[in-house]
Amino acid sequence: MVCRNQKRLWLFEFVVKGLRMKIPYLCLFRKFAAASLLDSEAKHTDLSTFTKKLFAFAAFFHTMAFFLCTILTVMLTQLQFDKFAAEGFNRIPMYRCVSADLDTPLSAWLKLANGKNTFLLESVVGGSRWGRYSIIGLSADINYVARGNQITKYVLGEVQEAYSCENVLDELRNIKAEYHVPKIEQLPAFNGGLVGYLGYEIIEHIENKLKGKAPPDELHIPDVNLMLAEEIAVFDNLAGKVWIIIHANPEDDMAYAKGMKRLDELTHRLRSGSTGYAEMINQNVIQDSQVKMSFTQEEFEQAVDKCKDLIKAGDIMQVVLSQRMSTEFNARPLDVYRALRASNPSPYMYFMDFADYQVVGSSPEVLVRKEDDTITLRPIAGTRVRGKTPEEDAALAKELLNDPKELAEHLMLIDLGRNDIGRVAQIGTVDLVDEMVIEKYSHVMHIVSEVQGK
């Protein structure tokens, strides 16, 4: 005969084992209930009352066990926070992982960000499949802005510090080194940091002979604008989850409590109702006559002739003439991004709101990437439109890979990529990882290679 106290101990043991092992708790309870039912029949006990109570306890403990296991895996504890602080980290990621089945990155941006110094980064691979992560940057308190050799630090839109430096890129490295953040394995690879852009004019800090030769700044936009992203939301499109992440400063004695409260606030905002965003307003079609070009036809032809002379003289190998087009436009900046992501889905799509101006783009090209001690360039050159059928698609890809002009241009870019990485990589580490593979996007296909170095 099994006494009631023994049954309670068994019940407790099943709960503890379930918590430790993360196993299907209800299955254990059902097995236990079945065994108890047979025992009760033999002893003529009250079957109905006992089994009802048992299953009630089973459901309760199953729910609590699931809740506790989930919370413990997606939340930084006070003990972990204190440990990181003791190790000297001055920014500690605090996080929460919640279901993302009711939101999209765009709707979440509208609920959590939708203001100045915010951003949205998305990715579509293969022309139709969303990349794993989409990243939303909430309003950043701190911006680092560079014009020429002048660095300005803004805090909440006000100038906190302004100074000149020898080299902007070296100074940005120093700024980055001020922030010490622990690596937490379960978090997405990007969970906070500096986000923004480096303009073309930054080249004068790399090539000394171009110092002071930048053209006049007609747009009055900084050469560099980087937001310190310390509050972000990362959509994991594969897992159907969203990570809400904030960086807490342990110098504040109440940092952990404040961080938990902030996570509660952001979770509530994400779960709240409508974004309050009106539908896109149909714009009138912009006519060619309304678009202003930075080059006239004659000026452009003269620039091409000059480029040819420079190539013949050996001063340059390749050049792309930039043609700026501008027109009056009264649509909301986010709607421009929405239209772009719909018409040209790409691996690198971005919307950055710097209050006074916005940066919007959609590109297939990584340009440059550094992860740990590996630097990667992915030259892209050679293009064909996508075929209307799989057979036509394959034929166009074959044609592209057999086009002498496209191959010659691509080989030139591979050599340039090797040279660029060779300037900063260890001798003997530059390697051509992929050579002339076809990558297909929504509307076009490209020849792509990959060059790496250490």
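The values are calculated or read from the model by the stated rules, or taken from the named source; none is laboratory data. On a predicted model such as this, the values are computed, not experimentally measured, just so you know. All Cβ positions, even for glycine, are placed from backbone atoms using ideal geometry, and neighbour counts span all protein chains on display.
Residues in region 392-404: is at least one touching a Gly at 6+ places or on another chain (Cβ under 8 Å), over 23 Å from Ile203 (Cα atoms) and assigned to a strand (DSSP E or B)? Taking every residue of region 392-404 in turn, none turns out to be touching a Gly at 6+ places or on another chain (Cβ under 8 Å), over 23 Å from Ile203 (Cα atoms) and assigned to a strand (DSSP E or B). Residue pairs whose Cβ atoms lie under 7 Å apart, separated by 6 or more positions or on different chains, with the first residue in region 385-400 and free of Cβ contacts under 8 Å to residues at least 12 places away in the same chain and the second surrounded by 15 or more Cβ atoms within 10 Å (Cβ to Cβ), are Gly387/Asp393; Gly387/Leu396; Ala395/Gly387. Filtering region 165-221 to residues that are assigned to a loop (DSSP other than H, G, I, E, B), crowded, with 16+ Cβ neighbours inside 10 Å and on the phi > 0 side of the Ramachandran plot leaves only Gly192. Scanning region 335-380 for residues that are small (Gly, Ala, Ser), under 23 Å from Pro188 (Cα atoms) and part of a loop (DSSP other than H, G, I, E, B) yields a single hit, Ser346.
For every residue, the table says whether it meets (1) in the same structural domain as Pro216 (by TED's automatic domain parsing); (2) out of contact with any Leu (no Cβ under 7 Å at 6 or more places or on another chain); (3) part of a strand (DSSP E or B); (4) not basic (Lys, Arg).
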residue	(1), (2), (3), (4)
Lys83	yes, yes, no, no
Gly88	yes, yes, no, yes
Cys97	yes, yes, yes, yes
Ala108	yes, no, no, yes
Asn114	yes, yes, no, yes
Ile135	yes, no, yes, yes
Ile151	yes, yes, yes, yes
Ala162	yes, yes, yes, yes
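Here Ala257 fulfils each of the conditions (1) of a type in the set (Gly, Ala, Ser); (2) in a helix (DSSP H, G or I); (3) closer than 30 Å to Val125 by Cα apart from (3). Residues that are in contact with a Pro (Cβ under 9 Å, 6 or more places away or on another chain) and in contact (Cβ under 8 Å) with a residue 40 or more places away in the chain within region 144-181 comprise Val145, Ala146, Arg147, Val181, listed in sequence order. Being of a type in the set (S, T, N, Q) and in contact with an Asp or Glu (Cβ under 9 Å, 6 or more places away or on another chain) holds for only one residue in Gln297, Gln290, and it is Gln290.
Residue selection: Val444 fails the criterion of being surrounded by 13 or more Cβ atoms within 10 Å (Cβ to Cβ), in contact with a Pro (Cβ under 9 Å, 6 or more places away or on another chain) and at pLDDT 95 or above. Within region 350-364, if we keep just the residues that are among the hydrophobic types (A, V, I, L, M, F, W, C) and closer than 12 Å to Leu340 by Cα, the residue that is surrounded by the most Cβ atoms within 10 Å (Cβ to Cβ) turns out to be Phe351.
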